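Enquirer: Pasting in a structure now, in structure tokens, and then I'll have a few things to ask.
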Amino acid sequence: MNNFLEHIPVLLDEILENLKKFKITNGIIIDATFGLGGYSNAILEKTNCDVYGFDRDPDVLKYANKLKKKYKNRFKFFQKKFSDIDDILSKQNYSKKKVKGMIFDLGVSNLQLTKKNRGFSFKLNGPLDMRMSKEGMKALDVINNYSAEKLSDIFYNFGDEFFSRRVARHIVKLREITPISTTLELADIIRKAIPGKQKKIDKATKSFQAIRMFINDEISELNKGLIASEKFLTYEGILCVVSFHSKEDKIVKNFLNVCQGKNNLFISKFLPPVENSKKSFDVITKKPILPTSREIKLNYKARSAKLRIAKRTKFSCVFNCEAAA
Ligand SMILES: C[S@@+](CC[C@H](N)C(=O)[O-])C[C@H]1O[C@@H](n2cnc3c(N)ncnc32)[C@H](O)[C@@H]1O
């Protein structure tokens with residue numbers, strides 16, 4: 001299986017190296033962001049581990065089915081969200097084979113970004129959709145119905161957009177004339193609302209990221225996924241998270257700090273209250289692993305990736321669940 005033309009997996013060599021280094025050669029690995037199966041395929045090929053793939057996007061089913069055919073009992077796929085992992089794993093009979101790894105490769109895949117009908121890209125003309133699971137509220141609903149204040153909060157909180165208020169006011173003014181229905185219309189409105197010349201990074205980038213994160217509830221999903229990793233990883237199992245922007249990376253860093261009993265006074269407002277402060281993870285990467293210049297040359301999209309790795313200790317969960325066994 002090679003879906004490389006459609007999505008090149010980021011920091012894959014580094015993930016495989018660490019699985020080897022920490023002797024993760026059997027048991028179960030959760031690929032929480034299956035996408036086009038780049039990680040799952042490589043793990044199934046290079047280790048004796050079983051893989052449970054998760055992805056909320058129904059479009060990835062065809063890739064999951066290919067892997068199911070190839071690896072039969074070693075691969076299972078769940079078209080589910082991070083927030084369902086706890087429930088699914090609780091129901092699985094995995095007591096003999098323990099969860100030895102949990103991997104998150106955050107954000108959108110090329111499959112999503114390059115299909116104009118999914119509405120993720122401000123470069124392709126498509127409907128204002130942006131739903132990873134193809135269910136629930138669309139970007140269209142938010143852009144055309146939310147108040148200027150609410151829109152501004154979204155752009156600021158999820159995209160760090162300095163001109164959030166201007167962008168929001170501009171949207172509200174223009175949608176009174178005619179509803180905003182396409183990605184290119186929205187991108188144009190955002191660009192015009194932001195003063196100054198177009199720089200290297202498109203002016204629509206932050207606001208598009210913000211709407212996508214809001215629509216897909218990405219912050220809360222990530223926190224729930226991380227909390228599930230603490231609950232299900234076995235002693236010495238490893239957590240690997242690849243993030244693509246500072247908001248995500250900060251959540252991962254913060255989560256690991258709290259799991260080490262550090263930083264208890266500064267717990268992200270999105271995390272539930274902490275129950276105790278025993279160290280449930282050892283952080284392996286004091287500083288995140290970054291892609292090499294070679295990888296960036298081959299895959300420019302990898303340039304902003306950061307990989308953090310942590311190893312589960314034997315202590316009970318900080319986040320209100322059972323001990324690692
Ligand atoms: C960057 S892609 C992963 C690519 C994959 N590692 C590969 O090599 O093909 C991220 C994937 O995660 C999925 N995803 C993002 N957030 C999710 C969530 N909360 N629950 C389940 N899947 C999610 C997206 O639908 C997308 O397919």
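The values are calculated or read from the model by the stated rules, or taken from the named source; none is laboratory data. Please read all numbers here as calculations on a predicted model, not as lab measurements. All Cβ positions, even for glycine, are placed from backbone atoms using ideal geometry, and neighbour counts span all protein chains on display.
Enquirer: When you look at residue 221, is it modelled with pLDDT of 95 or more, within 16 Å of the ligand (Cβ to nearest atom) and among the charged types (D, E, K, R), yes or no?
Expert: yes
Enquirer: Inside the stretch 41-63, can you point out the residues that are closer than 17 Å to residue 112 by Cβ, within 12 Å of the ligand (Cβ to nearest atom) and part of a helix (DSSP H, G or I)?
Expert: Result: 58, 59, 60, 61, 63.
Enquirer: Kindly evaluate residue 210 against the criterion of being part of a helix (DSSP H, G or I), within 16 Å of the ligand (Cβ to nearest atom) and either of a type outside the set (Val, Ile, Thr) or not assigned by TED's automatic domain parsing to the domain that holds residue 83 (or both).
Expert: yes
Enquirer: Within the set of pairs 6 or more residues apart or between chains, which connect a residue that is closer than 11 Å to residue 49 by Cα and in contact (Cβ under 8 Å) with a residue 40 or more places away in the chain inside the stretch 17-28 to a residue that is of a type in the set (Asp, Glu) and crowded, with 18+ Cβ neighbours inside 10 Å with Cβ atoms less than 8 Å apart?
Expert: Here the result reads 27/50; 28/50, each pair linking the stretch 17-28 to a residue that is of a type in the set (Asp, Glu) and crowded, with 18+ Cβ neighbours inside 10 Å.
Enquirer: Which residue is farthest from residue 125 (Cα to Cα), if the candidates are limited to the stretch 182-197 and must be touching a residue at least 12 places away in the same chain (Cβ under 8 Å) and surrounded by fewer than 15 Cβ atoms within 10 Å (Cβ to Cβ)?
Expert: Among them, the one singled out is 195.
Enquirer: Separate question: Within the group 109, 40, 90, which residue is free of Cβ contacts under 8 Å to residues at least 40 places away in the same chain, crowded, with 22+ Cβ neighbours inside 10 Å and polar (S, T, N, Q)?
Expert: Within the list 109, 40, 90, the selection yields 40.
Enquirer: Does residue 125 meet the test of being in contact with a strand residue (DSSP E or B) (Cβ under 6 Å, 6 or more places away or on another chain) and surrounded by fewer than 16 Cβ atoms within 10 Å (Cβ to Cβ)?
Expert: Here the answer is yes, as residue 125 does meet what is asked.
Enquirer: Just one of (1) at negative phi; (2) surrounded by fewer than 22 Cβ atoms within 10 Å (Cβ to Cβ); (3) of a type in the set (Asp, Glu) trips up residue 161, so point out which.
Expert: (2)
Enquirer: Right, another one. Out of everything in the stretch 12-40 that is part of a helix (DSSP H, G or I) and among the polar types (S, T, N, Q), what residue ends up being nearest to the ligand (Cβ to nearest atom)?
Expert: Restricting to residues being part of a helix (DSSP H, G or I) and among the polar types (S, T, N, Q), the top hit is 40.
Enquirer: I'm trying to understand the selection: among the residues of the stretch 68-87, which are assigned to a helix (DSSP H, G or I) and within 11 Å of the ligand (Cβ to nearest atom)?
Expert: 82, 83, 84, 85
Enquirer: In this structure, is residue 324 surrounded by 21 or more Cβ atoms within 10 Å (Cβ to Cβ) and modelled with pLDDT under 90?
Expert: So residue 324 passes the test.
Enquirer: Just a yes or no: is a residue in the stretch 150-168 under 30 Å from residue 310 (Cα atoms) and within 16 Å of the ligand (Cβ to nearest atom)?
Expert: For the stretch 150-168, residues under 30 Å from residue 310 (Cα atoms) and within 16 Å of the ligand (Cβ to nearest atom): present.
Enquirer: Can you name the residue in the stretch 88-123 that is closer than 18 Å to residue 234 by Cβ and among the β-branched types (Val, Ile, Thr) and, of all such residues, is farthest from the ligand (Cβ to nearest atom)?
Expert: So the residue we want is 99.
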